[in-house]
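Input: a single structure, listed below in structure tokens.
The values are calculated or read from the model by the stated rules, or taken from the named source; none is laboratory data. Everything numeric in this text was worked out from a predicted model, so none of it was measured. FYI the Cβ positions are ideal-geometry reconstructions off the backbone, even for glycines, and counts take in every protein chain you see. Ligands, DNA and RNA are excluded from the accessible area calculation, which covers all protein heavy atoms including side chains. Shrake-Rupley method; radii C 1.70, N 1.55, O 1.52, S 1.80 Å.
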Amino acid sequence: MPCERKPMRYGHSEGLTDVCFDDEGKSLVTCGSDGDVRIWESLDDDDPKSINVGEKAFSVALKNGKLITAVSNNTVQIHTFPEGDPDGILTRFTTNANHVTFSTSGSKVAVGSSDFLVKIVEVMDSSRQTTLRGHEAPVLSVAFDPSDEFLASSSCDGSVAVWSVESQTQVAHWKVLQKSSDVSTAKSLCRLAWQPRSGRLLAIPVDATVQLYDRNTWTHVSTLSDDLSTQVANVVVWSPCGKFLAAGTVGGNLLIWDVEAKLCVERQKHEKGFTVCGMAWHPSGGRIAYTDTEGCLGLLDGVSSASAPTSSSTTQSTKATAAKEKKDYDDLFDDDDDRMMDEGMSDSRSPVKKAFVEDDDDDDLMPATGRARNRASFLDDDNSLDAASVKLDKLPDEDGNSAILPPVVPAVSRPVYEGPMPTPPQRAFQPGSTPVHLMHRFMMWNSIGIVRGYNDDQDNAIDVEFHDTAIHHAMHLTNTLGHTMVDLSQEAVLLACEGTDELASKIQCLHYSCWDTHKEWMVDLPKGEDARALCLGQGWAAVATSTLMVRLFSIGGVQREMFSLPGAVVCMAGHGEQLLIVYHRGTGFDGDQSLGIQLIQLGRKRKQVIQGEGLPLSRKSYLAWMGFTAEGTPCCIDSEGVVRILNRTLGNTWTPVCNTRESCKSKSDNYWVVGVHENPQQLRCIPCKGSRYPPTLPRPAVAVLPFKLPYCQTTTEKGQMEEQYWRSMLFHNHYDFQSSSGYEIDSEGQSRAQKEQQELLMKMFALSCKLEREFRCVELAELMTHNVVTLAIRYASRSRRMALAQKLNELALEKANQLYEEEEQEEEEPAYQSVAQNPRFNHVRRESRGSSQMNGCDDEDVEEEYTQEEERDEEESSETKKPCLNPFKKGAKSPERPSPKPVNREVRANPFKVSSAGKSSGSPAGQSRTTNVLDSMTMSSRKPAALSGTSKQGKAPVLKPLAPKAKSKTQATLLQMSATKVSSKKQQSQSGTESVKQAPAATPPVSAENTENRKPKTGFQLWLDENRKSILCDNPDFEEMDVIKDGMGRFRTLTAEERLEWSEKAKSESDPKKRKREHGGEEDEEMESDESVGKKKKPSDSSAKLSAFAFNKE
């Protein structure tokens, strides 16, 4: 007669449970996550006796009137049975105790805990304790052998060990389990069991099988499996006679084997498919009690009668014919074929598929601990094949005879799939919340506040607490609708609950920042559509539903757009105008999740920034937290503790910036993240000792972890500076994003960040110079701004590295041209469109924006110097191909430069004159930008000198600016070396050189206006005077600046020879004018000035430099 499965009944709240019988089998004892131990007279007992032992009870054992419980306060307690009176604390641990068991005599208790320890304690004298050390992860279960000589233990480190109780040493050790970091993430509870009476065999649940090890040789002797079950075995228990072995699986299957015949003689299915986490065989052998992760209690009755035929058949000789064995096996299942079909089991023609369909009915298969199976477990589908049945086909009989194969296995060989196994998809969750099954839980913890949920016998409510009470006062909400999802922002609280058969899923919003009196609105989702995730942004709310849709609402309750997702949602997050959605983009394999991500801008210019790219996670991990930093950069954290942040400047890639595991003192410790900040660089999290989630009371303290990019050789000085530089670059990218999005940014903070980055580059440059890595120096200089490159040039010059200095000079010219081209392009194109063509200077534009503020430079000086460089190239060389700066094409909208005054017909003003109040020839503002470089990085007592004074002086064209001289601070700067390069390539005629020499280098101290009037016209000015009419004829609406710009463009189209002719013409016309203005005393002073400049090379003042390009007033 087959055994009967009694209906399940409620025993405890959702979570891990355990069960055992008393010595005589009269009572049934259970414990659960509600912290209660209940004593049942029978399964029909409507009023079981309840004993509260703590917040949670993980395991229970009963013998000789002593009730032992493993409690969540890290203690193992003793109570009397059946009275239930407390009898003291047996032992303590630093973390939770996971499993307790009595020895056969009842004098000792073995306990395994999450701090990797196994303790053996005397019941009558708890001071007599033995500690067994050797596991490297939390201990899952412990079991005494019948003779109390050995103790077996299983651990999350993937091993099963056997200890000698007397010598306290390991006698056997097997690596047969899959590793995990904690009991909550373990694939199986792996409850071990010794064969009663003889203790010859040790049963170990391994994947979908049960492996038997011999006590005498400590070798694997047999494997029990079932062709119709591929679910992971969670707990095993022997019958009192030792002939049968029962197992409960993660998917809810209950299996009973005849150990000697290696046949599965009974199969039962949990009525709801929940994980079986506790089993106990009645002392009489006729019943099996079991509990699941939902807190329910069940019973299998009539087990001995079901196994009796098999027991009699196994007493026959192993030499009996196969036909007789087949007949016995068929007779065993003749009576319950119909029952097997009713229970969702398959017949012999389809042994696998029906079972898989039954498993897929409930998509929330629970692991051993009751949490969502999100790592390293099997996903049953219609196309996968049972691995256990394959193993059974190939398993030889341990006695040397052929194994008895059940007839349910088809005789025809089937293809065997040996590839990677699919991973169950991760459940949807709210970032910043703890699991829903907890009675007291954090529903949300973010930068705005904390939302706690309470669901117990006394109260079902939600408490909202704000970090800043200026936003809103604390609120207490009655949770009558059973809300399970919450999000909190500065504007509102958004809540949602899943639907039931009677009620639809509801969205409720408390808009406390609303200015009218109606601050609450509620929306019912369509029937059959449940909320899975939600989030709030600036003026909007989003809800993802079970129908793969995302619904958008305004903060006031107006329904907005809606769109579909490619897969089931995992989580959502909002920040300002950004909406971040993570969903399943496919099926992961071998414990990996396959997640996709979408990032959408919901502002005025709506766009999809990230369009379903894959979200990177660590191997065999799942997504633990997803959100934004306080500055608005997307960030994610996986279950392995790796923190990744979005790098917008590198094509929206994800960069790992921290690993919280490195800060954990124990393998069972974790950090629960509540916020990420980029400035300052902080990871705000809560340390969880021996668990993944913090308790609600007392209020946990928030810790701050630093960021550290996983660069190579960070113990060396070079590696440390590289890590610091790129971390600074990554964590200050938000300035560019905020600026492009129209937000106000901290200019001072941005300048400090850029200064810090350039200082690090200069330190790495100096280190590379010391190591004689000149090519590396040039690579570092490519990352520098234009101004810091000049500092690197000076450093290389003083270090006597002339070849390096020359390379840096060429690089500085390229950077200057690149910068000027970008400034020109900004006048015609949008401000945030990049025009860089050389990949080496992709970040020059961003750094150059703050360089003038950081170094106190004057853009007009740089423009002026490069204008003089252009004229010198025209005069001295007609073959120069390098582009020069255009001083006439100045952006009228540039905030850094004053707009030129319009020129009238009567008195023509100087359009090239740069008005600067209080600027004198000796002031620091009059010097070139290339001479002001990071004052905080280098100090000099010598006076700053302008560079342009040396460009047209000296009789001989051969200069040596790279050699350091005592009286010149700036001879190694950019313009001098460029002048040297041009002079060395082209030797001019003696007449040309003399004409340059005759030009006055220093003027008497007269007014700036007279100085400008006395200066000669340039070649371009003469050309413009003659061609002005033709330009105005073509463009009659042009203003003076437009005429100059158009004229400069046309002048550039002339050949080098034509431009040189105009320059010579301007010089020849300027000589008689000079002689007319000269007087006797002034002529002698100017001659002396020429000689002194040729020797001392004193620079001219800024007004003299500007006057070289000004028009003469009429």
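Using 1/(1 + (r/R0)^6) with R0 = 25 angstrom and r between the beta carbons of residue 702 and residue 661, what's the FRET efficiency to the nearest 0.05? Walk me through the intermediate numbers first.
Values: r = 19 Å, r/R0 = 0.75.
So the FRET efficiency works out to roughly 0.85.
What ranking of 130, 91 comes out by heavy-atom accessible area, probe 1.4 Å, highest first?
So, going from the largest accessible area down, we get 130, 91.
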Mind giving me the nanometre distance, one decimal, between the label points for residue 122 and residue 653, set 7 Å out from Cα along Cα→Cβ? 6.4 nm
Nonlocal amide H pairs with residue 555, under 5 Å, H built at 1.01 Å: 540, 541
Roll a 1.4 Å probe over the protein heavy atoms and report the accessible area of residue 600 in Å², nearest 10. 20 Å²
In nm, give the distance between the simple-model label positions of residue 80 and residue 271, each being 7 Å from the Cα along the Cα-to-Cβ direction. 3.7 nm
Where in the stretch 228-244 does the label zone of residue 198 land, with the point 7 angstrom along Cα→C-beta and an amide N cut-off under 12 Å? 242-244
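First select every other residue whose beta carbon is under 11 angstrom from the beta carbon of residue 530; then total the charges, Lys and Arg +1, Asp and Glu -1. Show your work: numbers first, answer last.
Values: positive: 506, 527, 532; negative: 498, 529.
After counting each charged neighbour, the total is +1.
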Would you give the gap between the C-alpha center of the stretch 215-234 and the C-alpha center of the stretch 446-475, rounded to a whole Å? 50 Å
Residue separation times 0.36 nm, minus the C-alpha to C-alpha distance between residue 748 and residue 613: what's the value? 45.1 nm
Could you tell me the distance between the Cα centroids of the stretch 730-804 and the stretch 642-699, to the nearest Å? 30 Å
How big is the accessible area of residue 512 in square angstrom, nearest 10, if you roll a 1.4 angstrom probe over the protein chains? 30 Å²
Counting only protein heavy atoms with a 1.4 Å probe and every protein chain in place, the carbon and sulfur fraction of the accessible surface of the stretch 1-54 in whole percent equals 45 percent
Need one value: the accessible area of residue 748 in square angstrom, 1.4 angstrom probe, rounded to the nearest 10. 130 Å²
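First measure r as the distance between the Cβ atoms of residue 6 and residue 548, then evaluate 1/(1 + (r/R0)^6) with R0 = 35 Å and state the FRET efficiency to the nearest 0.05. Each step should come with its number before you reach the end.
Working: r = 40 Å, r/R0 = 1.13.
Working from the Cβ atoms, E equals 0.30.
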FRET efficiency for residue 1030 and residue 1056, using Cβ-Cβ distance with R0 set to 25 Å, rounded to 0.05: 0.70
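Residue 463 to residue 476: extension gain in nm, 0.36 nm per residue of separation minus the Cα-Cα distance? Present the calculation step by step, with values, prior to reporting the outcome.
Details: separation 13, 0.36 × 13 = 4.68 nm, distance 0.46 nm.
Contour length minus the Cα-Cα distance gives 4.2 nm.
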Would you list 677, 476, 511, 173 from the most to the least accessible area, probe 1.4 Å? 476, 173, 677, 511
Evaluated over the stretch 1-133, the Cα radius of gyration and Dmax, each in Å: 14.9, 51
Measure out, as a whole number of angstrom, how far apart the alpha-carbon centroids of the stretch 66-80 and the stretch 246-274 sit. 30 Å
Leaving out ligands, DNA and RNA, and with a 1.4 Å probe, what % of the accessible surface on the stretch 569-641 is carbon or sulfur? 44 percent
Residues whose modelled amide H sits under 5 Å from the amide H of residue 530, counting only those 5 or more places away in sequence or on another chain, are 546, 547
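Which length gain, in nm to one decimal place, applies between residue 501 and residue 587 when the Cα-Cα distance is subtracted from 0.36 nm times their residue separation? Don't skip to the answer; put the middle values down first.
Details: separation 86, 0.36 × 86 = 30.96 nm, distance 3.01 nm.
Taking residue 501 through residue 587 to full extension adds about 28.0 nm, to one decimal.
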With label points set 7 Å from each Cα along the Cα-to-Cβ direction at residue 559 and residue 92, the distance between them in nm comes to 5.9 nm
